[in-house]
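Structure first, then comments.
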Amino acid sequence: SRIENPNVVVKFRDYAEKSLRHGIIGDKRYKHICTVIGKLDRFLLIKGFSGLTVEEFSVEHLMDFRDFLFEEYLYVDRYPKLYEKVSKRNKPTERLSMNTVASQMKMFQTFFTLLEDKDEIQKSPFRKIGKEGKKVVMRTRYDDPVFLRKEELLKVISAKVPDNLQDTKDAFLVQCALGCRVGDFQRMGMQTIAVNEDGIPYVHYIPQKTADSQNGNEEVMTPIVRFAFDIIKRTNFEFPVLKNLYGSGGYNTR
């Protein structure tokens with residue numbers, strides 16, 4: 001029966017809820033997994049595989065699901081009832097990036113790896129595709145990093161700006177000095193600053209993007225260069241522009 005042999009969506013949701021309850025993952029990671037569960041549910045309904053179990057989930061289903069993640073925005077207008085309860089934030093409006101799809105597939109892979117470890121399936125479809133196939137499925141692509149050259153940075157530091165842009169300039173320069181993600185930058189304040197035994201100030205934080213996947217709570221510790229430290233002392237490490245521009249932080253997992 002369906003209860004004795006639940007479909008892959010039910011099993012995936014059960015895995016997420018137990019992982020959250022047991023403290024294996026945090027609230028943020030749980031929400032991201034739930035987003036993928038919703039996508040999987042819609043994929044199976046649209047393709048006519050709603051009763052598919054974990055044992056029946058094949059390599060072909062896996063690759064079709066990956067394609068669906070990229071192209072889901074094409075189905076929103078065709079299947080409006082499936083998207084009635086999907087939040088605006090999670091309703092796809094364009095093709096997803098390769099990095100976003102890879103991130104979501106990794107969550108799905110972790111679920112299947114657990115089933116394999118518990119002997120609930122003989123072999124994960126992620127292992128059945130082989131090393132080369134897995135490289136394709138998990139491929140990510142990052143643009144070359146953007147940075148300021150010394151003369152460009154000095155030009156920004158010395159630039160005179162209107163009062164209404166001073167906060168933006170300050171926040172930009174401090175983030176250039178720290179090199180952290182915007183979400184982590186938003187969470188910083190005077191409480192995240194310390195001074196080492198040599199008298200050098202530094203900022204310490206746990207990167208939120210990897211907090212749920214790393215072992216332990218290992219902090220990043222970044223020395224604060226003089227021009228950034230002067231800005232932090234003057235502003236008390238408060239930049240209203242970050243709140244106005246980015247709200248409460250986080251990133252979209254559509």
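Taken together, the values in this text are just the output of simple stated rules run on the coordinates, not laboratory data. Keep in mind that this is a model prediction, so the values were computed, not measured. Please note: Cβ atoms are built from the backbone with ideal geometry, for glycine as well, and neighbour counts cover all protein chains shown.
Straight-distance candidates among the aspartates and glutamates for linking to K11, with alpha-carbon spacing under 18 Å and chain neighbours fewer than 8 residues away dropped: D41, E55, E56, E116, D117, D119, E120. Could you list the trypsin sites (Lys or Arg not before Pro) in the stretch 21-86 that lie in coil according to DSSP, counting only those with at most 13 other Cβ atoms within 10 Å of their Cβ? Sparse-neighbourhood loop trypsin sites (Lys or Arg not before Pro): R78, K85.
According to the Cα-based calculation, Rg over Rh for the chain is 1.06, with Rh computed by the Kirkwood formula. Taking each of K91/K123; K106/K131; K18/K128 in turn, the alpha-carbon distance tops 24 angstrom for K91/K123; K18/K128. Summarised as an ellipsoid, the stretch 1-45 has semi-axes of 20, 14, 4 Å, derived from the eigenvalues of the Cα gyration tensor scaled by 5 and square-rooted, with the largest first.
Rounded, prolate or oblate for the stretch 57-148? Axes are the square roots of the Cα gyration tensor eigenvalues, ordered a ≥ b ≥ c, and the cut-off for rounded is a/c under 1.5. Because a/c hits 1.5 or more and a/b fails to exceed b/c, the stretch 57-148 counts as oblate. Entry note, the chain: relative contact order of 18 percent, from Cα contacts under 8 Å with a spacing of 6+ residues. Classify the stretch 1-84: rounded, prolate or oblate, from the alpha-carbon gyration tensor (a ≥ b ≥ c, eigenvalue square roots; a/c under 1.5 rounded; otherwise prolate if a/b is larger than b/c)? Oblate.
3J(HN,Hα) along the stretch 113-130: 4, 5, 4, 5, 4, 8, 6, 7, 9, 6, 8, 5, x, 5, 7, 5, 7, x Hz, from the Karplus curve 6.51 cos²θ - 1.76 cosθ + 1.60 with θ = phi - 60°, whole Hz, x for Gly and Pro.
Assuming R0 = 45 Å, what is the FRET efficiency of K106 and R226, from their Cβ-Cβ distance, to the nearest 0.05? Could the numbers behind the result be given before it?
Working: r = 40 Å, r/R0 = 0.89.
FRET efficiency, K106 to R226: 0.65.
Any chance you could give the angle, 0 to 90 degrees and rounded to 10, that helix 226-235 forms with the longest Cα principal axis of the chain? Helix 226-235 sits at roughly 90 degrees to that axis.
On the basis of the beta-carbon distance and an R0 of 51 Å, Y202 and E55 show a calculated FRET efficiency of 0.50. Extension gain, K88 to V10: 0.36 nm times the residue separation minus the Cα-Cα distance gives 25.7 nm. Each helix, a run of at least 4 DSSP H residues, gives -39500 (n - 2.57); summed and divided by the residues of the chain, these come to -15500 deg cm²/dmol at 222 nm. Computed from the Cβ-Cβ distance with R0 of 22 Å, the FRET efficiency linking M63 to K123 stands at 0.85.
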